[in-house]
Amino acid sequence: MRPQSTITVVPVNRPLTGKVSPPGSKSITNRALLLAGLAKGTSRLTGALKSDDTRVMSEALRLMGVQVDEPDDSTFVVTSNGHWQAPGQPLMLGNAGTATRFLTAALANFEDEFVVDGDEYMRKRPIGPLVDALQRMGVDVSAPSGCPPVAIKGRGGLAAGRIEIDGNLSSQYVSALLMAGACGQGPLEVALTGSEIGARGYVDLTLAAMRAFGAEVEAIGDAAWKVSATGYRATDFHIEPDASAATYLWAAQALTGGDIDLGVANDAFTQPDALASQVIARFPHMPAVIDGSQMQDAVPTLAVLAAFNATPVRFVGIANLRVKECDRTRALADGLNAIAPGLAVEEGDDLLVHAEPSLAGRQVDALIDTHADHRIAMCFALAGLKIAGIRIQDPLCVGKTYPGYWNALESLGVQLIRVD
């Protein structure tokens, strides 16, 4: 079975050098797929990510009557009449949070009945705040457990007006309402119940994609946006490389004193996780306290890197990591402590990593339980660059966002030992 397979990264004794092109951004690809499916006409999405998360989104669109062609390994050509039909079966979206949350809101615009569901992991991830917001807008939607599956009975367009939502748990709720709002019955104002929002930078990605597809949306202060009911226009759209994927390569470079060319400047990324490059650049003197609230998917990378830092590092603002693909805070603590007992401590929702530079060059016997979480697998592979004996369980889970990750490491000269 897949979870029983492992990969062991053989430590390297030289700087890693070479060129690696990260895949396209998962976050932007799934936004673009959704908007292209809502638009009338044909959109060409280039630089796109082909992975488990984008596959379930594209397959869901196909089931609802949208034509999605894939002429090459980084392009989607999406042709739609702007109307989706119920597929007569649940939309199974794996553990893709973006696809699940975005589609839940978008489906409320169509006069039909839909069920959005996922795998055993997705069924543990909260969607209640989004469902509650849609219910207050008059949508017939239910998720009895507060997690998928979600049943939606659309009525032909979200009602105009104002809706408030708590975006602290996930910015995806806010993005879902914003993108769906452009297909509603009239102007929609989406407002935060407070000024806090998990990873606000991802809302900025949403707004940029919406505008590229012809939507009219304006900010109202710091905590609200007004979306006009313009619908979307088909367009050609280029997707930038994935900043979250880039963090593993930046960290591998820092750990080995190498020079890895990603083909894109660090400051060219618009995704919030690119902020991690500034922290990584300070290694082995990373800050004593790192606020991960605006670069959540980069925290696993930074936490493993912190194990080799000169001084301890406390990660704050990471409560949302507990409701990602797994409880990432717990998974990081467990994995680090499997390498060296006491290396990491959970203190409330903070994670304290007790730096131990002398770990480099050691031999351990550590089996890392990835919990089928791609980011846990990829970040602990970094520890294997310096420590012998780290076995990564279920290595194929990286296919969720970076199917070519292991090949990328091998292209840099890293030796992998695979056990199936």
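The values are calculated or read from the model by the stated rules, or taken from the named source; none is laboratory data. In this text the structure is predicted, and so the values were computed from the model without any measurement. FYI the Cβ positions are ideal-geometry reconstructions off the backbone, even for glycines, and counts take in every protein chain you see.
Assorted remarks:
- Single match in Ile152, Ile165 (criterion: on the phi < 0 side of the Ramachandran plot, at pLDDT below 95, aliphatic (A, V, I, L, M) and touching a Ser or Thr at 6+ places or on another chain (Cβ under 7 Å)): Ile165
- When the stretch 3-46 is filtered for residues that are in contact with a helix residue (DSSP H, G or I) (Cβ under 6 Å, 6 or more places away or on another chain) and surrounded by fewer than 16 Cβ atoms within 10 Å (Cβ to Cβ), only Pro15 remains.
- Looking only at the stretch 202-241, and only at residues there that are of a type in the set (S, T, N, Q) and under 30 Å from Val20 (Cβ atoms), the one that is surrounded by the fewest Cβ atoms within 10 Å (Cβ to Cβ): Thr235
- In the stretch 142-190, the residues that are more than 30 Å from Asp273 (Cα to Cα) and surrounded by 24 or more Cβ atoms within 10 Å (Cβ to Cβ): Ile152, Leu158
- Residue count for the stretch 214-240 under the criterion of being part of a strand (DSSP E or B) and in contact with a strand residue (DSSP E or B) (Cβ under 6 Å, 6 or more places away or on another chain): the result is 10.
- Number of residues in the stretch 333-350 that are closer than 18 Å to Ala288 by Cβ and either touching a Leu at 6+ places or on another chain (Cβ under 6 Å) or not assigned by TED's automatic domain parsing to the domain that holds Ala288 (or both) equals 4.
- Tally of residues being farther than 20 Å from Gln296 by Cα and in contact (Cβ under 8 Å) with a residue 40 or more places away in the chain across the stretch 163-207: 12
- If you go through the stretch 155-196 and keep only what is under 16 Å from Ile220 (Cα atoms) and hydroxyl-bearing (Ser, Thr, Tyr), you end up with Ser175, Thr193, Ser195.
- When each of Ala360, Ala333, Ala340 is tested for being of a type in the set (Gly, Ala, Ser) and either closer than 28 Å to Val20 by Cβ or crowded, with 22+ Cβ neighbours inside 10 Å (or both), the lone residue that passes is Ala360.
Listed here are the residues, each with its yes/no results for (1) within 25 Å of the chain's Cα centre (by Cα); (2) in the same structural domain as Thr8 (by TED's automatic domain parsing); (3) within 28 Å of Asn30 (Cα to Cα); (4) not aliphatic (A, V, I, L, M).
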{"site": "Gly361", "(1), (2), (3), (4)": "no, yes, no, yes"}
{"site": "Ile368", "(1), (2), (3), (4)": "yes, yes, no, no"}
{"site": "Leu382", "(1), (2), (3), (4)": "yes, yes, yes, no"}
{"site": "Leu385", "(1), (2), (3), (4)": "yes, yes, no, no"}
{"site": "Pro395", "(1), (2), (3), (4)": "yes, yes, yes, yes"}
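- Residue ID - nearest to the chain's Cα centre (by Cα), chosen from residues in the stretch 242-267 that are crowded, with 22+ Cβ neighbours inside 10 Å and under 30 Å from Leu38 (Cβ atoms): Ser244
- Elements of type strands (runs of 3 or more DSSP E) contained in the stretch 317-391, each with 2 or more residues being free of Cβ contacts under 8 Å to residues at least 40 places away in the same chain and in contact with a strand residue (DSSP E or B) (Cβ under 6 Å, 6 or more places away or on another chain): 363-368
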